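> Next up is a structure, given as structure tokens.
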Amino acid sequence: MRWKPLPSGVYPSAPKRRSHALLAGHLDPAGPDTPDARPNLSRLVFLDAPTRVLYRDWPAKARAVVGNLRTLTARNPGDTCLTALVEELSCLSHEFAELWARHTVETCGRDVYALTHPLAGDLTVTQQTFQVPQEPHQSLITLTAEPGSPSAAALEALHRTRGGTWPHEVRGRDENAFPATHAGA
């Protein structure tokens, strides 16, 4: 079975915009093109209400993010940006702090996530993380859906719908407007 890579989050801009539409369409659509405004998925998973409800099994995604951050900090012990991110998440999210305290180290490889997207509905994507040997601090992340599946159709529809930008009534919601199903880890 061949898998068609959809958004990659890496160059060129179109794939970045596609992954942005899927995972962070409620944020500034220009974000992926501006390094200082580019969303950080680790931060979004723990601190952003729309991202929390996007993942139907949020605790599994949260564990994967923490395990991957443990791996990254072990590989890059002097990285002040990673240290600052971990400190920020530890202060602002009790779920992150609890998971971080478990010291679980797990490299992201291939994970399947069930999502409930405000525009695309329910879909399943496979996230794969590939290391770039020539650039040890870089990785390529792909999100794919099985060709011909309802999830693939939903991703294509999302791409065609206003570039995947979430409508204002979704983007403008505050944390209290989202179900509390993911409030704890």
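> Identify, by number, the condition in (1) crowded, with 18+ Cβ neighbours inside 10 Å; (2) in contact with a strand residue (DSSP E or B) (Cβ under 6 Å, 6 or more places away or on another chain); (3) closer than 23 Å to Gln138 by Cα; (4) of a type in the set (A, V, I, L, M, F, W, C) that Val112 doesn't meet.
(1)
> I would also like to ask the following. Take Leu85 and tell me if it is touching a residue at least 40 places away in the same chain (Cβ under 8 Å), in contact with a helix residue (DSSP H, G or I) (Cβ under 6 Å, 6 or more places away or on another chain), aliphatic (A, V, I, L, M) and in a helix (DSSP H, G or I). Lay out the reasoning, then the answer.
Working: touching a residue at least 40 places away in the same chain (Cβ under 8 Å): yes; in contact with a helix residue (DSSP H, G or I) (Cβ under 6 Å, 6 or more places away or on another chain): no; aliphatic (A, V, I, L, M): yes; in a helix (DSSP H, G or I): yes.
Spelling it out, it is not the case that Leu85 is touching a residue at least 40 places away in the same chain (Cβ under 8 Å), in contact with a helix residue (DSSP H, G or I) (Cβ under 6 Å, 6 or more places away or on another chain), aliphatic (A, V, I, L, M) and in a helix (DSSP H, G or I).
> Please enumerate the residues belonging to region 1-22 that are under 15 Å from the mean Cα position of the chain (by Cα), open to solvent by less than 60 Å² (accessible area, probe 1.4 Å) and modelled with pLDDT under 75. So that I can check it myself, show each step before the final result.
Pass one, region 1-22, residues under 15 Å from the mean Cα position of the chain (by Cα): 6-10, 15-22.
Okay, now just the ones that are also open to solvent by less than 60 Å² (accessible area, probe 1.4 Å), so 6-10, 15-16, 18-22.
Residues satisfying the conditions are Leu6, Pro7, Ser8, Gly9, Val10, Pro15, Lys16, Arg18, Ser19, His20, Ala21.
> Looking at region 115-149, which of the residues that are in a loop (DSSP other than H, G, I, E, B) and of a type in the set (D, E, K, R) is most open to solvent (accessible area, probe 1.4 Å)?
Initial filter on region 115-149 (in a loop (DSSP other than H, G, I, E, B)): 118-120, 132-138, 146-149.
Pick out the ones that are also of a type in the set (D, E, K, R) and you get 135, 146.
Working: Glu135: 101, Glu146: 81 Å².
Here the residue is Glu135.
> With the requirement that a residue be among the acidic types (Asp, Glu) and modelled with pLDDT of 85 or more, what does region 102-134 give you?
Within region 102-134, the subset among the acidic types (Asp, Glu) is 106, 111, 122.
Hits for region 102-134 are Asp111, Asp122.
> Moving on to the next point. Would you say Leu41 is under 12 Å from the mean Cα position of the chain (by Cα) and of a type outside the set (Ser, Thr, Tyr)?
Details: under 12 Å from the mean Cα position of the chain (by Cα): yes; of a type outside the set (Ser, Thr, Tyr): yes.
Criteria met by Leu41.
The values are calculated or read from the model by the stated rules, or taken from the named source; none is laboratory data. Since this is a predicted model, take the numbers as computed values, not measurements. Here the Cβ is made from the backbone with ideal geometry for all residues, glycine too, and neighbour counts use every protein chain on show. Remember, those area values only see protein heavy atoms, side chains included, never the ligands or the DNA or RNA. Shrake-Rupley method; radii C 1.70, N 1.55, O 1.52, S 1.80 Å.
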